[in-house]
Amino acid sequence: MPSFDIVSEVNQVELRNALDQTNKEVSNRFDFKGSDARVEHADKTLTVFADDDFKIGQVYDVLIGKLTKRGVDVRCLQRGKVETIGGNKAKQVITVKVGVDQELGKKIQKLIKDAKLKVQASIQGDAVRVSGTKKDELQAAIALVRKSVTDFPIQVENFRD
């Protein structure tokens, strides 16, 4: 039976390269001279360190630019609150969202069901599997999901005929 998976992945290599480029640019910029501005990566979080809120915003803007140039979808980033740490330093934790969560999976499932296409959608861990009898129906489901889900980066994988 033909099927495909709807997933949300982030290219970790490109993410690491963008972080390295961001740290290099921040260390070389004149307006960051003498400050400890940097971005650190741990598992599924990025931590931006700087002297104050304004500089955190500037580092974040540089990071967004580098991620965009490297082809990483910035909709996968979720900014946290800016926290003050020791004296005049601040940090902000940015979560990298990977995988289709249960809420979005249910939304996609309902969307496909309401469209009355002859396909079935089922949540499988952090992915949504859509299966049907005809390839044309699956392609219509792909177009519907891509058009409807705009606030979260999704990809279509494992298209099997």
From the cross-link list LYS66/LYS110; LYS24/LYS89; LYS66/LYS107; LYS44/LYS91; LYS69/LYS107; LYS69/LYS110, which pairs have alpha carbons spaced over 24 Å apart?
LYS66/LYS110; LYS66/LYS107; LYS69/LYS107; LYS69/LYS110
Over the Cα atoms of the chain the radius of gyration and the largest Cα-Cα distance (Dmax), both in Å, equal 19.7, 63
Excluding residues fewer than 8 positions from LYS113 in its own chain, the lysines with Cα under 22 Å of it are LYS134, LYS135, LYS147
Which aspartates and glutamates, on any chain, are close to LYS116 with Cα under 18 Å apart, when same-chain ones fewer than 8 places away are left out?
ASP136, GLU137
Here the FRET efficiency for MET1 versus VAL74, based on Cβ atoms and R0 = 45 Å and rounded to 0.05, is 0.80
Using only the alpha-carbon atoms, how far is helix 53-69 inclined from the longest principal axis of the chain? Give it as 0 to 90 degrees, nearest 10.
50 degrees
Pairwise over distinct Cα atoms, reciprocal of the mean inverse distance: report the Kirkwood radius of region 12-96 in Å, one decimal place.
12.8 Å
Give me the net charge for the shell around GLU137: Cβ to Cβ below 12 angstrom, other residues only, Lys and Arg +1, Asp and Glu -1.
+3
Kindly state, to the nearest 0.05, the FRET efficiency for LYS147 paired with SER122, given R0 = 30 Å and r defined as their beta-carbon distance.
0.90
Between GLY34, VAL82, THR68, whose Cα lies farthest towards the positive end of the dipole of region 12-96 when Lys and Arg beta carbons carry +1 and Asp and Glu beta carbons carry -1, centred on the Cα centre?
THR68
With a Förster radius of 35 Å, plug the Cβ-Cβ distance of LYS110 and THR133 into 1/(1 + (r/R0)^6) and report the FRET value to the nearest 0.05.
0.95
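Only the coordinates and a few stated rules stand behind these numbers; no lab work does. As the structure is a prediction and not an experimental result, all values here were calculated from the model. Cβ atoms come from the backbone with ideal geometry, glycine included; neighbour counts cover every protein chain shown.
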